[in-house]
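Working notes, structure below.
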Amino acid sequence: MGFQKHGFATLQADKVVFYKLLGEEYTIVTAATDNFMIIGDSVQSTSLVKKQLVDHFEIVDLGPINWLLGVSLTCNHDANTIALSQQAYIEQIITHFSLEDSRLAATPMEPGIDLTPGSNAVSPNLLTPSGKTKYSEMIGCLMYASMMT
């Protein structure tokens, strides 16, 4: 589309994020493959970008965003807030790793626990190669969840 032609600058940290600032007004457009997300300070600013996109692409307007990359978004325009939730993603992790019957705890382990080899808190059993792979996959899933919200 040539976002620069329409007054947008490219974010230095991410070349698929475009922004336009006009005084107190702003518009941000992100592109991911064939998906665009338009964020603006007003309906007029986002509508203008949509009209510009229609000139270059066949688009389907899915309305206000409520789901992005496994994160549920809830906007409260009256309170000027956005709430993010990964409940569905976390429930999916629990099901995938068959952890539905795991015991609940306020913290994953006691503060100050001794995790040096040979301590009572460390299992003497070594993980199998498949156990190591599963453990790495679990940690990766949890890291994704912690980085997203």
Check: Looking at region 110-130, is at least one residue under 25 Å from G70 (Cβ atoms) and in contact with a Phe, Trp or Tyr (Cβ under 9 Å, 6 or more places away or on another chain)?
Finding: no
Checklist line | In region 1-29, residue farthest from W67 (Cα to Cα) [restricted to those that are among the polar types (S, T, N, Q) and loosely packed, with under 13 Cβ neighbours inside 10 Å] | finding: Q4
Item checked: In region 122-149, the residues that are farther than 30 Å from L73 by Cα, of a type in the set (V, I, T) and assigned to a loop (DSSP other than H, G, I, E, B) -> V122, T128
Margin query: Which count do you get for residues in region 1-17 that are over 22 Å from E58 (Cα atoms) and either over 20 Å from the mean Cα position of the chain (by Cα) or not acidic (D, E) (or both)?
Written below: 6
Item checked: Selected residue (criterion: surrounded by the fewest Cβ atoms within 10 Å (Cβ to Cβ)) from residues of region 30-56 that are β-branched (V, I, T) and touching a Ser or Thr at 6+ places or on another chain (Cβ under 9 Å) -> I39
Next item on the list: Give region 75-91 a look and list any residue that's more than 30 Å from D41 (Cβ to Cβ) and touching a residue at least 12 places away in the same chain (Cβ under 8 Å), or say none.
Entry: I90
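Every read-out reported here was derived from the displayed coordinates using simple, explicitly stated rules and does not represent laboratory data. This is a predicted model, so every value here is computed, not measured. Neighbour counts run over all protein chains shown; Cβ positions are idealised from the backbone, glycine included.
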